[in-house]
Structure formats: structure tokens, C-alpha cells
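Here it is, the structure in full.
The values are calculated or read from the model by the stated rules, or taken from the named source; none is laboratory data. Keep in mind it's a predicted model, so treat the numbers as computed, not measured. Ideal geometry is used to build each Cβ from the backbone, glycine not excepted, and the neighbour counts take in all protein chains shown. The area values use the complete protein model at the heavy-atom level, side chains included, leaving out ligands, DNA and RNA. Shrake-Rupley method; radii C 1.70, N 1.55, O 1.52, S 1.80 Å.
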Amino acid sequence: RLGFLLSLVSSLQMFQQSLLASLTDAGVSQTQLAFASATFPLGKVASTFWLLIGSSSPDVVFSLQAAARLLMIGGLVAGLPVLPALSIGRLLMGAGTGIGFVCAPLYLTQLIPYSSRPSHFFVLGVAFAGSTLMANALALAHLTERSLTLFSSGFAFVGGLLYLLLAPSRPPLATALPVQPTDPTRISDRPVALANSLMLLNVTCGVPVLLGFAPIIFEEFGLSPHASFKLSLLFPTAQVFLLSVLHFRPGLLSRKSLILGGYGVAVFVLFAITTTAKYPFLPDNQKSVALACWLFVLTLVTSVPCNTALCVIAEQFPSGTEEQMSVTSLSRTVMWLFSAISTSTFLPMVRCYGLTVTFLPYAVSS
């Protein structure tokens, strides 16, 4: 239950980042849309920086409660019928989401024994996938701009309220667990580099791009808008199923297998996309189907190592320490910085240089 509540706080970033794609045809100018879009990641960066400079005495329980309150206040403000309120509300919701995304894995690390952690972290993945499914499904509802903003702000408010109502005020198992409930042989000699590398892999494997632009990418592959929309609903549904299976089968695969295996398949698929897009002897209709299948596989396999990486990063340091909070905050900031670069350049590169040139840097850097 606690894992699901933490997911409501931290997975909000996926929903909010995907939501503004639904506002592009809702009568909002590109300038207004760009400004409102920028306030959410700005809030995430600001709150993460606050965690970074205030990590001398980290308190994840207090931080998560603050995140929930920011979500509630931001949701109320964003629901007001004026555009400045939407931007201010998204700034506050972004701040709450940034805190939640950093602190939720740390809190679970404190509460869950070492052997059971990876399966519990898949609950976060289920929530991430579910929020992506929700955002992609909004296109089917044909909601007005006002309805979309109210739905967005209401989702934030309810998530924060549920956390405050149902989450325990203090870790119930904290006194029963050792200070560092982690296998010391699994700690890297360079934990800071490991944390930043794993977060960068999320970006280079295309996770931010897939979350934000999957329907558009399917259309760029040559599929019809109807087929692209159905696939954009199918891939997060498949993610929910896969992660649920892994959650209920703890210990099925080791951390190393989940991370290296998942990212290894992702790199292979990225190279497969680049070669398929360039292959000259495949008819266009068959090439479109092949590219769509590769992209579907990519969206599925990346969901596994991304969530396991959050677990491994938190385990590199003793729970509740300044180093754990500061390195975790720094690695998330690195990820968000490169995610912003990735999402702002991906579609222009596809349309100017084609699929092969666009996907090749992702494959090589991964």
C-alpha cells in the first residue's frame, strides 16, 4: 500500500509531462504552452536543488509530506480559470513531484528488506506506466482545455491527499531494520558514477522521448493515426502486465540481470531501429510494421531496468545519510537536464535528418 501511495506522488511527473501534448489543439498559443510546459520541470529542478543543499539532515518522511502538500496546493492553484494560475500551479506540482521522485525510492529502501526490494520497486513502475496510459487515453476523450487542466490539477490534489491520509507518519519498521540493510558486496567502488550512469542510461535509451512522443513516433514510422493511438495505449498496458508479473515473482531475476539484461536488449533494439530504417530492400509498409514492432519492444524492456536502477542507486549508501540524499538528488538532476535536451531535439531531428541519424546517437551513447 505504501509503495502505491509513493507512486502516486512520484509518478505524477509522467502524467504531467505527457498531458500538455493534449493541449496543443486546445486553443493555447505556442508561447503560452511553452511557458506552462517549462514551469513543471523548473519546479522539479528547484525542489531537487533544495534537497541537495538541505541534505545535511535528510528526513524523507518530512520531505514526502511536503511533496504531498505541494501537490495539493499546486492542484488547487492550477484549477483556477486563468493561465498564470496554471503556470504557478504546475510549478508547485513540479516541485512536489521532484521531491517525491527522489524521496520515494529512499523511503522504500528504509522499509523493505534487501531481498524483497526489487519487486516492491516494480510497484513504482506500474504507477509510471499507468499514468502514461492515462495521459495517452485523454486523446480519446476529446476534452476541452478547461476539462484537461481541471483533470490534471484534480489528479495532483487527490494523490497528495491520499498520501497524507493513508501513509504512516513514521517508518513502522525503522527500529527493526539495521542502519544499512544492504549486501555490502553489492556496493560499487564508484557509487556516484554508477548513479549518474544509470540515470543517463534512462535518457540515452530513449525513455523520456518514448513517454512524451510515442504516438507521434509511431506516425513518423508510417502508421496511421488510428494505429498509432492504439499502440500508444497498448504499450503502457503491456508494461503494467510485465511489471506486475515481476512484482509477484520476487527473486525471479537478480538486480544485475534486470539492469544489464534490460538495457542490453534496449541497446540492441536501438541499433535494430537504425538499421531497419536504413534498409533499402524492405517495402515501405513492411518497414513501418517492423519499426513499430521494434519500438513496442523498446518501450516494454526499458520499463524493467529503469525501476531496478532506482533501487540499486538508493542501496549504494547507508539509509538516511547526507550522502544518499545528495547523490540521489544530483543523479535525478542530471537525468532531467539531459531529458530536457532529448525531448526538445528529438522530433526536429527526425523530421530534418530521418530516423537513422536520430536514433544512432542514442544507440551509440547507450
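For the pair Ala141/Leu234, report the inter-label distance in nm, with labels modelled 7 Å from Cα in the Cβ direction.
Taking the two extended label points, one gets 2.4 nm.
When ligands, DNA and RNA are left out and all protein chains stay put, how many square angstrom of accessible area per residue does region 127-167 have with a 1.4 Å probe?
That works out to 44 Å² per residue.
Now for a separate question. Grab the Cα-Cα distance for Ser188 and Cys352, subtract it from 0.36 nm times how many residues apart they are, and report the gain in nm with one decimal.
Computed gain between Ser188 and Cys352 is 54.9 nm.
Enumerate the lysines that Lys230 could reach by cross-link, defined here as Cα to Cα under 23 Å, with residues fewer than 8 away along the same chain left out.
Leaving aside lysines fewer than 8 places away in the same chain, those within reach of Lys230 are Lys287.
Round to the nearest 0.05 the FRET efficiency obtained for Phe241 and Leu42 when R0 = 30 Å and r is the Cβ-Cβ distance.
0.30
Could you work out what % of the accessible surface of region 308-362 is carbon and sulfur, using a 1.4 angstrom probe and leaving DNA, RNA and ligands out of the count?
Roughly 72 percent, rounded to a whole number.
Do any chymotrypsin sites (Phe, Trp or Tyr not before Pro) in region 245-295 lie in a DSSP loop with no more than 11 other beta carbon atoms within 10 Å, and if so, which?
In loop regions of region 245-295 (DSSP not H, G, I, E or B), the sparsely surrounded chymotrypsin sites (Phe, Trp or Tyr not before Pro) are Phe281.
Using a 1.4 angstrom probe, figure out how much accessible area region 290-334 has per residue, in square angstrom, rounded to the nearest whole.
Accessible area per residue, region 290-334: 23 Å².
Still on this model: Return the carbon/sulfur percentage of the accessible area of region 34-131, one whole number, probe 1.4 Å, all protein chains in place.
That fraction is 78 percent.
Can you send over the carbon and sulfur percentage of the accessible area for region 229-290, probe radius 1.4 Å, protein chains only?
With neighbouring chains kept in place, the figure for region 229-290 is 71 percent.
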